[in-house]
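Here the structure is laid out as C-alpha cells; the discussion comes afterwards.
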Amino acid sequence: MRYLFSVLFLVIFTTSQAQKPKQLFIKAAKFYDSEKNVFLVNQDLLIEGDRIVAVGSGLKKPKNARLIDLGNSTVTPGLIDAHTHLLINQKITKDGLEVASKVPADERMKQALGFAKSSLMAGLTTVRDVGNSGQFLDVSLKEQLKRDETPGPRLVVSGPILSPPGGQFGRLFPADSFLINQEYRVVKGAEDARAAVLEHIRRGVDVIKVCMNTDNRVLAPDEIKAIVETAHQQKIPVTAHATYDESARDAVLAGVDGIEHGYSLSDSTLSLMAKRGTYLVPTDVSREQGKLRVAAIGMKGKEGEDYLNGALKGFHDRLNRAVKKGVPIVSGSDYYNDIPGIDRGKGSVDVLLSYAEAGIPIPTVLQFATLNAAKALGISNQTGTLKKGMKADLTVFKGDLEKDFPTALFAIEMVIKDGKVYP
Ligand SMILES: [Zn+2]
C-alpha cells in the first residue's frame with residue numbers, strides 16, 4: 001500500500017511538474033534598460049518557460065524557481081545583429097568570393113550551423129541574414145535551427161539579394177557569371193521586380209534586400225519603386241545595400257525601410273532619412289579588427305596604418321553625423337570573412353566596439369543592438385527589451401559592461417534565448 005502510494009504520488013508529482021513551465025529567478029547587479037536607455041542596479045527577473053513574467057527590484061523568488069545570482073555581471077536584452085551572412089565564409093583574397101561560393105550547398109549549411117552557434121555564444125540571440133546565401137539556403141537554415149533546436153540565434157532572412165544586372169559586382173570575368181545566378185536575383189524592369197518580390201515572399205523570406213548600386217550599375221527608379229510597393233503591400237520591409245550617396249538617396253525616396261553601409265552619405269540624405277524614419281545600419285569595424293583586416297590584405301607598416309586611419313575616420317564621421325541628424329541607428333556587422341585570429345561570433349559583436357570608438361555613449365551603443373534593431377526587424381513586441389511579456393532573451397557579460405566595455409563585450413558569462421540557458 002505504501003509502495004502504491006508513493007508510485008501514485010510520483011506520477012502526480014511528475015505530471016504537475018511537466019505542465020508547469022520552468023521558472024528562472026535572475027538577480028542582476030547591473031542591468032541595461034533599452035527603453036529608458038540607462039543602466040539600473042539590483043534588478044530581479046522572473047522567467048517562466050520562454051517568457052519574462054516580471055522585472056523589478058526586490059521581487060520575491062517563487063519557491064520552485066531556479067535561482068541564478070549573477071554577482072557583478074551585467075545583463076542586457078539579447079543582442080541583435082541586423083546584417084549577417086552566415087552562409088558564406090570568404091577569405092580576403094581577390095578570388096575570395098568565387099572560392100567561397102563554390103563550396104557545395106550542404107557544406108555551406110554545415111558551416112553556417114557552426115557560425116550560428118558561435119554567434120549565439122557571443123551574445124547574439126537574433127540575427128538578420130541578408131543574402132549571399134545561395135538560392136534560399138538561409139530559409140532552410142532558419143527552418144533547420146528551429147526544427148532541430150540546434151544552438152543558434154533566431155533568424156530573420158532575406159533570400160537572394162535583388163540586384164541590377166551583374167549582381168553586386170562591378171566587373172566579373174565571364175567564367176565567374178555562375179556567381180550572379182547562384183547568389184542573386186537579377187531584376188530586369190519593374191514588372192520583373194514585382195514578380196521577384198512575390199516569389200521571395202512565397203519562398204518564406206522576412207525581408208527584401210536590394211543592391212542599389214554596384215561600381216557601375218544601379219537599380220532604375222521604377223524598379224526600386226515597384227519592389228518597395230509590392231513588399232510593403234505584403235507587410236514585408238525592404239532594406240538597401242547602398243554605398244554611394246546618390247543611390248542611397250534614390251532608395252530612401254522610393255520608401256525603403258533601411259540603408260545598409262551608407263559609407264558616403266551626405267548631410268542632405270541623412271536629413272531625409274531622419275525625416276522619413278529610414279534607419280541606417282553602419283557596418284563598421286573597430287581599430288583592433290581593422291588592424292587584423294589590413295594585415296590579412298597584406299598591407300604593411302605605414303601604408304596599412306594610413307589606410308586604416310582613413311577608413312576609421314570616415315566611419316566615425318558618418319556615424320556621428322547620422323546620430324546628430326536623428327537617423328535611427330541599427331547595429332549590423334556584415335562580418336563574413338575568414339580572417340586568422342577572429343571567431344565568427346566575436347567578429348560580429350565587434351561592430352559595437354566600433355560605435356563606442358566613434359564616441360557614442362555605451363547605453364546608446366546597446367540601444368542600436370537591442371531596441372532599435374528589434375524595431376527595424378519588426379519584432380520589438382517579442383525581443384529587444386527586458387520587460388513583462390517579452391521573450392526571455394538575455395545576454396550576460398562578465399563584469400561591468402558600462403565601465404569596461406572593450407573587455408566585457410567579449411567576455412560572455414551566459415546567454416539565455418527563449419528561456420533556455422547557454423552554455
Ligand atoms: Zn553585407
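The values are calculated or read from the model by the stated rules, or taken from the named source; none is laboratory data. Quick caveat: nothing in here was measured; it's all calculated off a predicted structure. Neighbour counts run over all protein chains shown; Cβ positions are idealised from the backbone, glycine included.
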(request) Sort through V186, V228, V207, V238 and tell me the only one that's in contact with a Pro (Cβ under 7 Å, 6 or more places away or on another chain) and under 20 Å from G262 (Cβ atoms). (result) V207
(message) Among the numbered criteria (1) surrounded by fewer than 15 Cβ atoms within 10 Å (Cβ to Cβ); (2) at negative phi; (3) part of a loop (DSSP other than H, G, I, E, B), which one does K235 miss?
(response) (2)
(request) Considering each of L24, L67 in turn, give the residue that is buried (at least 17 other Cβ atoms within 10 Å of the Cβ) and touching a strand residue (DSSP E or B) at 6+ places or on another chain (Cβ under 9 Å). (result) L24
(message) Criterion first (of a type in the set (A, V, I, L, M, F, W, C), buried (at least 21 other Cβ atoms within 10 Å of the Cβ) and assigned to a helix (DSSP H, G or I)) does I224 satisfy it?
(response) yes
(message) Looking only at region 87-96, count every residue that is in a loop (DSSP other than H, G, I, E, B) and touching a residue at least 60 places away in the same chain (Cβ under 8 Å) and tell me the total.
(response) 4
(request) Report yes if some residue within region 259-279 is in contact with a Gly (Cβ under 7 Å, 6 or more places away or on another chain), within 23 Å of S348 (Cβ to Cβ) and aliphatic (A, V, I, L, M); otherwise report no. (result) no
(request) Select from region 118-133 the residues that are away from the ligand (no atom under 15 Å from the Cβ), in a strand (DSSP E or B) and not hydrophobic (A, V, I, L, M, F, W, C) and write down the one among them that is nearest to A240 (Cα to Cα). (result) T126
(request) Quick one: count up the residues across region 314-339 that are within 16 Å of the ligand (Cβ to nearest atom) and part of a loop (DSSP other than H, G, I, E, B). (result) 8
(request) Scan K110, K61, K142 and give me the residue that is of a type in the set (K, R), in contact (Cβ under 8 Å) with a residue 12 or more places away in the chain and in the same structural domain as L352 (by TED's automatic domain parsing). (result) K142
(request) For R202, work out the one condition from (1) closer than 29 Å to I360 by Cβ; (2) surrounded by fewer than 23 Cβ atoms within 10 Å (Cβ to Cβ) it doesn't fulfil. (result) (1)
(request) Give just the number: which of (1) within 14 Å of the chain's Cα centre (by Cα); (2) on the phi < 0 side of the Ramachandran plot does A112 not satisfy? (result) (1)
(request) Quick one: count up the residues across region 70-90 that are within 13 Å of the ligand (Cβ to nearest atom) and polar (S, T, N, Q). (result) 2
(request) Name the residue, out of H261, H241, that is touching a Cys at 6+ places or on another chain (Cβ under 7 Å) and within 16 Å of the ligand (Cβ to nearest atom). (result) H241
(message) Give me the strands (runs of 3 or more DSSP E) completely within region 370-423, filtered to those with at least 3 residues that are in contact with a strand residue (DSSP E or B) (Cβ under 9 Å, 6 or more places away or on another chain) and hydrophobic (A, V, I, L, M, F, W, C), ordered by residue number.
(response) 394-397, 412-417
(message) Testing F397 on (1) assigned by TED's automatic domain parsing to the domain that holds N72; (2) within 16 Å of the ligand (Cβ to nearest atom), one condition comes back false. Which one is that?
(response) (2)
(request) Take region 97-117 and flag every residue that is away from the ligand (no atom under 14 Å from the Cβ) and either assigned to a loop (DSSP other than H, G, I, E, B) or out of contact with any Leu (no Cβ under 7 Å at 6 or more places or on another chain) (or both). (result) V99, K102, V103, P104, D106, E107, K110, Q111, L113, G114, K117
(request) May I ask you to list the residues in region 134-164 that are part of a helix (DSSP H, G or I) and among the acidic types (D, E)? (result) D138, E143, D148
(message) Can you tell me which residue is surrounded by the most Cβ atoms within 10 Å (Cβ to Cβ) among those in region 263-282 that are without any contact (Cβ under 8 Å) to a residue 60 or more places away in the chain and part of a loop (DSSP other than H, G, I, E, B)?
(response) L265
(message) Is it the case, given these coordinates, that G255 is of a type in the set (G, A, S), away from the ligand (no atom under 16 Å from the Cβ) and either closer than 12 Å to P328 by Cβ or exposed (fewer than 15 other Cβ atoms within 10 Å of the Cβ) (or both)?
(response) no
(message) Take I201 and tell me if it is over 22 Å from G96 (Cβ atoms), assigned to a helix (DSSP H, G or I) and in contact (Cβ under 8 Å) with a residue 40 or more places away in the chain.
(response) no
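Out of all the residues in region 277-319, which are basic (K, R) and either out of contact with any helix residue (DSSP H, G or I) (no Cβ under 7 Å at 6 or more places or on another chain) or over 19 Å from I92 (Cα atoms) (or both)?
R293, K300, K302, K313, R318
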(request) Select from region 134-146 the residues that are within 16 Å of the ligand (Cβ to nearest atom) and at positive phi and list them in ascending order. (result) G134
